Structure formats: structure tokens, C-alpha cells
Amino acid sequence: MQKKKFCPFCAGSLVEHFTEGRMRSCCGSCGKIMYENPIPAACTLVLNQENHLLLVKRGVPPKEGEWCLPGGFMELEEGPEETALRELKEETGLQGKIDRLIGVTAHPSAMYGAVLITGFLVRSFSGSPVSGDDAEDIAFFPMDRLPPLAFDSHMRFVRIYRDLYMP
Ligand SMILES: [Zn+2]
């Protein structure tokens, strides 16, 4: 994870202290503790009539050029469902409707420390797929011929989906 050096409130230097059960960065000037928490994100498993899964090829780091589920980080005013559908629209042009929650999982992130990601199933959608923001390409893949996915968390949602609907 990228290390923070200065306090975002007073610009004082951060120092490591054992506090509240673990080593944490604290401001040497104002004393605030810099809590580090997973960043919430949401993604969608979009299945078409043939039961093929929609994947986007990442056009930006990390994992540029690899395939993953459409998704991204939550904005402050959003609920996870809104995030998932907004990201779907931005990355693929599709307007989706949430079918159900698939799962919630956390995974380590080199940049943010950890990401807490919620996966939703989308079976009904409108529009035709066009690669948008941050996406180099998009395609529907048969479930038994998926390319390697960029993130373990996304693979986990795929496995949950298979266990639920393709036993
Ligand atoms: Zn400070």
C-alpha cells in the first residue's frame, strides 16, 4: 500500500504508534490517528440470454489488458447497488437492473491496502455494449470458457454464481 507521509488535516509529519491494538500512523502535530480501512467497491455479473458473462478488458492500471467484471469504487452519496449500475453504464453503456446480491468479499490491493467489494447479479439490461471509461474492450463469454480474471474477488463471485445456478 502507498504510505502516507503527512497529516491531511494539519500537514504535520506522520509517525508510527502502537494504538488501539496495532501499529498505526498518527499525526505528530495534531495527534489524529490515520485509520486505514478497505475501500468499498461494487461490481456486476451480467448474464445475457445465452447465459454468457459480460467482461471488460481493462484499459488502465492496475492489471491493464486483463479481463474483469464491470465495477468500481463507491462515491460518497451512493449505495452499493447504485455504484454497480453506474459503473456498468460507464464501462459498457448498458443500463442494468439488479437481480440479487451475489456476495461481499475483501481482497488486498497494492494501492489502497484492501478493497471491500460487493457483487450483484444483473439479468435484465438494455442498450448494446460499447466499451466506455477505462475499458479497452468488452465481450460476453460462455461460462465454461472465461479468460483468466484480473481479480481473485471477481473469480470468487463467478464461483458463487456457478454454485448457485450451475450445480
Ligand atoms: Zn495533524
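The values are calculated or read from the model by the stated rules, or taken from the named source; none is laboratory data. On a predicted model such as this, the values are computed, not experimentally measured, just so you know. Backbone-built Cβ (ideal geometry, glycine too); neighbour counts: all protein chains shown. These accessible areas exclude ligands, DNA and RNA; they are computed on the full protein's heavy atoms, side chains included. Shrake-Rupley method; radii C 1.70, N 1.55, O 1.52, S 1.80 Å.
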Response to the item:
The helix 152-165 Cα axis meets the longest alpha-carbon principal axis of the chain at an angle in degrees, between 0 and 90 and rounded to 10, of 40
Item to complete: For LYS5, go through the lysines and keep the ones whose alpha-carbon is under 25 Å away, minus same-chain ones fewer than eight residues off.
Response: LYS32
Worksheet item: When the Karplus curve 6.51 cos²θ - 1.76 cosθ + 1.60 is applied with θ = phi - 60°, which whole-Hz ³J(HN,Hα) does each residue of the range 15-28 get, with x for Gly and Pro?
Response: 10, 7, 9, 7, 8, 6, x, 7, 6, 9, 6, 10, 7, x
Worksheet entry | Loop-located trypsin sites (Lys or Arg not before Pro) in the range 12-99 whose Cβ has at most 14 other Cβ within 10 Å (DSSP) | LYS63
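Scale the Cα Rg of the range 89-167 by the rule-of-thumb value 2.2 N^0.38 Å and send over the ratio, two decimals. Could you put the intermediate results ahead of the total?
Details: Rg = 13.7 Å, N = 79, 2.2 N^0.38 = 11.6 Å.
Scaled against compact globular proteins, the figure is 1.18.
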Discussion item. Could you work out how much longer the chain between ASP137 and GLU77 gets when fully extended? Use 0.36 nm per residue separation minus the Cα distance between them, nm to one decimal.
Written reply: 18.7 nm
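How high is the FRET efficiency from HIS52 to GLU90, r the C-beta distance, R0 25 Å, rounded to 0.05? Each step should come with its number before you reach the end.
Details: r = 21 Å, r/R0 = 0.84.
The formula returns an efficiency of 0.75 here.
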Worksheet item: Using the alpha-carbon atoms, what tilt in degrees (0 to 90, nearest 10) does helix 80-92 show relative to the longest principal axis of the chain?
Response: 60
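Just the number, please: carbon plus sulfur as a percent of the accessible area of the range 1-123, 1.4 Å probe, no ligands or DNA/RNA counted. Walk me through the numbers on the way to the answer.
Working: 3740 of 6860 Å².
Result for the range 1-123: 54 percent of the exposed heavy-atom area is carbon or sulfur.
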Response to the item:
Applying the gyration tensor rule to the Cα atoms of the range 1-98 (axes a ≥ b ≥ c; rounded if a/c under 1.5, else prolate if a/b exceeds b/c, else oblate), the class is prolate
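First check a/c for the chain, with a ≥ b ≥ c the square roots of the eigenvalues of its C-alpha gyration tensor; if it is under 1.5, answer rounded, and if not, answer prolate when a/b is larger than b/c or oblate otherwise.
Numbers: a/c = 2.45, a/b = 2.22, b/c = 1.10.
It is prolate, given that a/c is not under 1.5 and a/b is the larger ratio.
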Worksheet, complete the sentence: Filtered hits (aspartates and glutamates, Cα-Cα < 20 Å from LYS57, offset >= 8 within chain) -> GLU66, GLU87, GLU90, GLU91, ASP133, ASP134, GLU136, ASP137, ASP144, ASP152
Fill in: For the range 39-165, accessible area per residue (1.4 Å probe, heavy atoms of protein chains only), Å²
50
Worksheet item: So how much accessible area does ILE138 have, in Å² to the nearest 10, using a 1.4 Å probe?
Response: 30
Practice prompt. Can you bin the range 66-128 into rounded, prolate or oblate? Criterion: square roots of the alpha carbon gyration tensor eigenvalues sorted a ≥ b ≥ c, rounded for a/c under 1.5, prolate for a/b above b/c, oblate for the rest.
Written response: prolate
Discussion item. Among PRO148, PRO38, ALA135, whose Cα projects farthest towards the positive end of the dipole of the range 31-167, with charges put on the beta-carbon of Lys, Arg (+1) and Asp, Glu (-1)?
Written reply: PRO148
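In the chain, which longest range has no GluC sites (Glu not before Pro) that are both DSSP loop (not H, G, I, E or B) and surrounded by at most 16 other Cβ atoms within 10 Å? Please list the in-between numbers first.
Numbers: sites that count: GLU20, GLU36, GLU50, GLU64, GLU66, GLU75, GLU77, GLU78.
Of all site-free stretches, the longest is 79-167.
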